[in-house]
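This report concerns only the one structure given below.
The values are calculated or read from the model by the stated rules, or taken from the named source; none is laboratory data. Owing to the predicted nature of the structure, the values given are computational and were not obtained by experimental measurement. Don't worry about glycine lacking a Cβ; one is built from the backbone with ideal geometry, like all the others, and counts go over all protein chains shown. Protein only, heavy atoms only, side chains kept; ligands, DNA and RNA dropped before computing areas. Shrake-Rupley method; radii C 1.70, N 1.55, O 1.52, S 1.80 Å.
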Amino acid sequence: MAALQLPFGCSVLSVVARGDDSLARALYHRDPTAALITLDMRTAGNTGRPLAALLREQFDPEAFHLIVLRHIIGDIVQSAVAEQEGITADSGAGEGQPAVMRALRAYWRSGDLDNTIVPRFLDIVDACRSALRPQGRVLLAHQVLDSDLRLGHPLELYADYIPLARRWLAEAALPLREILLDGFDPHWWLCLQRTSTGEPRP
């Protein structure tokens, strides 16, 4: 939180793939006056509305200083593959999970994964961008979890989600620019700052 140089009394949105209060505890320790909203992707999926649509509908433009996307790229990938294959959210979380992973591996080996994933990922990031205050930031973080690998996620893909996200964003040329944070490995962290539409990207 200190590396991001957030102002006191800042507003933060945390989008998570599973319940985790570590960000809330860290933010409160640094700034008890900060406002934090947590949105669980599982809840978003249960509404039947795409995450990007929920972000645009539920939050005002320029509402947040920071939006944190914590360990959700893999879940975005799985949900996009499940939708492409016609696997419902309920079956994807249970009996359908092996089918989702088989399809994910097939898309990855064939080179079709980007076509399935990238539009959804970019829509979510752009929805985050619209909810940022001027110069606000989006922070993406990823880590390798054994529980996800046991589900069948290919390690070579799973461990490279942040570099892949960086490439997808560079090719899309959204009005966001990467900010390097001292002490944070760019293989696992990606910080994006909102720019004006006319500002050149480095």
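Things to note:
- For LEU39, the residues 5 or more places off, or on other chains, whose built amide H falls under 5 Å of its own are SER14, VAL15, VAL16.
- For HIS142, the shell of other residues with beta-carbons less than 12 Å away shows a net charge of -2, using +1 for Lys and Arg and -1 for Asp and Glu.
- Note on ILE37 and GLN5: their simple-model spin labels are 2.7 nm apart, each label 7 Å out from Cα toward Cβ.
- Accessible surface of the chain, 1.4 Å probe, proportion on carbon and sulfur as whole %: 52 percent
- Distance between the 7 Å Cα→Cβ label points at SER196 and GLN135: 1.3 nm.
- Placed amide H near LEU176: partners under 5 Å, 5+ positions off or other chain: THR195
- ARG25 paired with GLU171, simple spin-label distance in nm, labels 7 Å along Cα-to-beta-carbon: 3.9 nm
- Counted charge near ARG133, where neighbours are those whose Cβ lies closer than 12 Å (Asp, Glu -1; Lys, Arg +1): +1
- Dipole orientation for the chain: of the candidates MET1, VAL15, ALA53, MET1 has the Cα lying most toward the positive pole (charges on Cβ; Lys, Arg +1; Asp, Glu -1).
- Extension gain for ALA159 to ARG102 (0.36 nm times residue separation, less C-alpha to C-alpha distance): 18.7 nm.
- Amide H contacts under 5 Å for SER11, placed H, 5+ residues apart: ALA35, HIS65, LEU66
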